[in-house]
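> One structure is given below, represented as structure tokens, and several questions about it will come after.
What follows is calculated from the coordinates using simple rules that are stated; it is not laboratory data. Treat the numbers as computed from the prediction; the structure is a model and nothing was measured.
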Amino acid sequence: MTISHATIIEWAEAQKRQKFTWLEDHGPRSKRPRPETEAENKLRDIAMLDAVIAICKARVAA
């Protein structure tokens with residue numbers, strides 16, 4: 001099975017939306033905050049997803 005760069009980008013963008021929603025619902029400024037380490041992990045995940053998106057876009061442009 002081959003997965004296209006566009007499919008990976010779509011998946012990564014969807015994952016980022018989920019992480020941002022979680023941060024809105026459970027981040028440090030929410031009404032129901034979770035431990036700070038969980039929010040830090042979500043922010044790290046978002047940064048990693050941004051890197052995946054950048055790599056895929058660079059490969060498509062090449």
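> Just to be sure I understand the curve: with the Debye formula and one point per C-alpha of the chain, what is log10 I(q)/I(0) at q = 0.30 Å⁻¹?
-1.17
> Please enumerate, by chain and number, the aspartates and glutamates with C-alpha under 12 Å from the C-alpha of K57, excluding those fewer than 8 residues away in the same chain.
E10
> Also, I was wondering about something else. Using a Cα-Cα cut-off of under 19 Å, which lysines could be cross-linked to K19, ignoring same-chain neighbours fewer than 8 residues away?
Filter leaves K31, K42.
> A follow-up question, please. Stretched out fully, how many nm does the piece from T7 to V52 gain, at 0.36 nm a residue minus the Cα gap?
Details: separation 45, 0.36 × 45 = 16.20 nm, distance 1.17 nm.
Here the segment from T7 to V52 would lengthen by 15.0 nm.
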